[in-house]
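J.: Pasting a structure here, questions to come.
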Amino acid sequence: MSGGGAGGRGLQFGVLQFFSWPGRRVPLTTVYRRALERIDLMERSGVYEAVWLAEHHFTPYSVSPSVSVMGALVAARTERLRIGTAVSLAAMYHPLRLAEEIALLDVVSGGRVNWGAGRGNDPGEFQVFGLDLDRSYALFRENVDIVVRAWQDERLTYHGDFHTFEDIEVLPKPLQRPGPPVWLASSSPDAIAWAAAAGYSILMDPHSPHTGIGAKYAAYRDGLAAAGHATEGRVTPMARLIAVAPTDEEARAVALRGAQWTVASMSDPARRRLSKGIRAAAPPKAEHGEHAGQERRSRAERYVDEVVVHGSPERVVDRIRALQEEIGLHYLLCAPLSHSSFVLLTEEVIPKLLR
């Protein structure tokens, strides 16, 4: 199942929109207002294919628990921009409710939904929602299958490992037929191999090093070909954190602040408490005092060097062109680390790349 809605040749751009609340320094309403104003600018600029809305729970890292609600706000404010989900945490929903909500968003937006679905990777979320992390991959895959079938079948009959439905008419159907284009968030080798074998298009994460993204993308294309699925014309958004400033030094400072916030969020003690007792990949170890600050800074500096695209507009143009050559980048899913980064990206970087 190939992701569409971003057709055409050449480099394309979208924005991965987080709703971060660092330090809770401003009212949360201000976070949402600023994000929606950014989306208005994306609409006016004409250089972005879609805004992709992030879903997270129980963390100020991104306070947006419903991409359907936020997507409806975006639909009411825009006419051209496509509305992506990056991602709907499909394992945490009843699949028919999820199919209904995304289909409704597609109808009210005039057929502008790009549906990105993911399993989720925060053990705390699974614990709070009462879900079995060990079985979550299987549940996620079944739920995605049900959503797609619910859109396509006039009446749904489904017998799975987790759900059984008999002759259900799921309404509304999406405006896009047979349904919105679908992408699956895939980071681990197993997830990439499964998506390729099943013929799904994928979204690539913002936290892996550039070299890691390139290796995963090559493995994905090899997997598609081995399973007999087309590779040409398939759109694979690659999320990258972006810091742009008038000078390279200023941009690195923006990148480092963003990296420090990200590293601190991922090692937040509240997340570790929620995750206690759940079998999963171990979170970063708790550190204390001066050593903790040094460790976070070291990790953040590595993050800046290996993950974040940063620099003056000219340097960022060159770096993005290099990533086109080095890893096959063709859809840059931008996650700007500051508002000024977003403005410079929109006004001074992307126009040069589209010439």
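None of the figures in this text is laboratory data; all of them are computed from the coordinates on show. Keep in mind the model is a prediction, meaning the values are calculated, not measured. Here the Cβ is made from the backbone with ideal geometry for all residues, glycine too, and neighbour counts use every protein chain on show.
J.: Which order results if His159, His210, His339 are arranged by neighbouring Cβ count within 10 Å, fewest first? Display every interim value, and only then the final one.
T.: Working: His159 8, His210 19, His339 12.
Fewest-to-most ranking of His159, His210, His339: His159, His339, His210.
J.: Also: Report the one residue of Ile320, Gly120, Ala86 whose Cα lies farthest in the direction of the positive end of the charge dipole of the chain (charges on C-beta: Lys and Arg +1, Asp and Glu -1; origin at the Cα centre).
T.: Positive-most Cα among the choices belongs to Ile320.
J.: Each residue of segment 23-35 in order: what ³J(HN,Hα) in whole Hz does its phi give by Karplus 6.51 cos²θ - 1.76 cosθ + 1.60, θ = phi - 60°, with x for Gly and Pro?
T.: x, 6, 6, 10, x, 4, 4, 5, 4, 5, 4, 5, 5
J.: Hey, can you grab everything whose amide H is under 5 Å from the amide H of Leu184? Only 5+ residues off in sequence or another chain; H modelled, so Pro and N-termini drop out.
T.: Close amide H contacts, sequence-distant or interchain: Ala117, Ser201, Ile202, Leu203.
J.: Here's another thing I want to ask about it. Give me a comma-separated list of calculated 3J(HN,Hα) values for segment 190-201, in order, Karplus coefficients 6.51, -1.76, 1.60 applied at θ = phi - 60°, integers in Hz, x for any Gly or Pro.
T.: 5, 5, 5, 5, 5, 4, 5, 4, 7, x, 7, 7
J.: Can you divide the C-alpha Rg of segment 1-148 by 2.2 N^0.38 Å and report the result to two decimal places?
T.: Working: Rg = 15.6 Å, N = 148, 2.2 N^0.38 = 14.7 Å.
It is 1.06.
J.: Now, a different point. What shape does segment 173-244 take by its C-alpha gyration tensor, where a ≥ b ≥ c are the square roots of the eigenvalues and a/c under 1.5 counts as rounded, a/b above b/c as prolate, and the rest as oblate?
T.: On the way: a/c = 2.13, a/b = 1.23, b/c = 1.73.
Judged from the Cα gyration tensor, segment 173-244 comes out oblate (a/c at least 1.5, b/c at or above a/b).
J.: Another question, if that's okay. Using Rg and Dmax of the Cα atoms in Å as the read-out, say which of [x] 21.7, 73; [y] 19.8, 62; [z] 21.3, 67 was calculated from these coordinates.
T.: Answer label, from the structure shown: [y].
J.: Place a +1 charge on the Cβ of each Lys and Arg in segment 112-254 and a -1 charge on the Cβ of each Asp and Glu, then give the dipole magnitude about the Cα centre in debye, rounded to the nearest 20. Can you show the working numbers first?
T.: Details: 13 positive and 19 negative charges, 91 e Å.
That gives segment 112-254 a dipole magnitude of about 440 debye.
J.: Still on this model: For the pair Leu41 and Gln152, what calculated FRET efficiency results from E = 1/(1 + (r/R0)^6), where r is the Cβ-Cβ distance and R0 = 35 Å, to the nearest 0.05? Let's see the in-between values first.
T.: On the way: r = 36 Å, r/R0 = 1.02.
The computed FRET efficiency comes out at 0.45.
J.: So, one more: Taking the Cα centre as origin and putting +1 on Lys and Arg beta-carbons and -1 on Asp and Glu beta-carbons, what dipole magnitude results for the chain, to the nearest 20 debye?
T.: That gives the chain a dipole magnitude of about 600 debye.
J.: A further question follows. How would Tyr61, Tyr220 line up from fewest to most surrounding beta-carbon atoms within 10 angstrom?
T.: Tyr61, Tyr220
J.: If we count other beta carbons within 10 Å of each Cβ, what is the order of His163, His57, fewest first?
T.: Details: His163 15, His57 18.
Ordered by Cβ neighbours within 10 Å, fewest first: His163, His57.
J.: Now for a separate question. Is the C-alpha gyration tensor of segment 134-206 telling us rounded, prolate or oblate? Criteria: a/c under 1.5 is rounded; beyond that, a/b larger than b/c is prolate, otherwise oblate. It would help to have the intermediate numbers written out before the result.
T.: Working: a/c = 2.78, a/b = 1.47, b/c = 1.89.
The shape class here is oblate.
J.: Here's something else I'd like to know. Scan around Ile168 for amide H atoms under 5 Å from its own, H built in the peptide plane at 1.01 Å from N, and keep only partners 5 or more places away or cross-chain.
T.: The list, which skips near neighbours in sequence, is Leu156, Thr157.
J.: Give the percent of DSSP beta bridges with both residues in the chain that are antiparallel, rounded to the nearest 5.
T.: On the way: 3 of 34 bridges.
Just about 10 percent of them are antiparallel.
J.: Taking a quarter of the surface of the convex hull around the Cα atoms of segment 124-274, what do you get in nm²? Don't skip to the answer; put the middle values down first.
T.: Numbers: hull surface 51.2 nm².
It is 12.8 nm².
J.: Using a Gaussian network model of the chain whose springs link C-alpha atoms within less than 10 Å, name the residue from Asp167, Asp318, Asp145 with the highest mean-square fluctuation.
T.: Asp167
J.: Around Gln12, which amide H atoms from residues at least 5 apart in sequence, or from another chain, sit under 5 Å from its own amide H, with H modelled in the peptide plane?
T.: The answer is Tyr331, Leu332.
J.: OK, next. Please identify, among Phe58, Phe19, Phe140, the residue showing maximal mean-square fluctuation in a Gaussian network model of the chain using a 10 angstrom Cα cutoff.
T.: Maximum fluctuation in the GNM of the chain, among the listed residues, is at Phe58.
J.: A further question follows. Give, in nm to one decimal, the length gained when the segment between Thr29 and Ile168 is fully stretched (0.36 nm per residue of separation minus the Cα-Cα distance). Kindly include the intermediate steps, with their values, before the conclusion.
T.: Values: separation 139, 0.36 × 139 = 50.04 nm, distance 3.91 nm.
Working it through step by step, the gained length comes to 46.1 nm.
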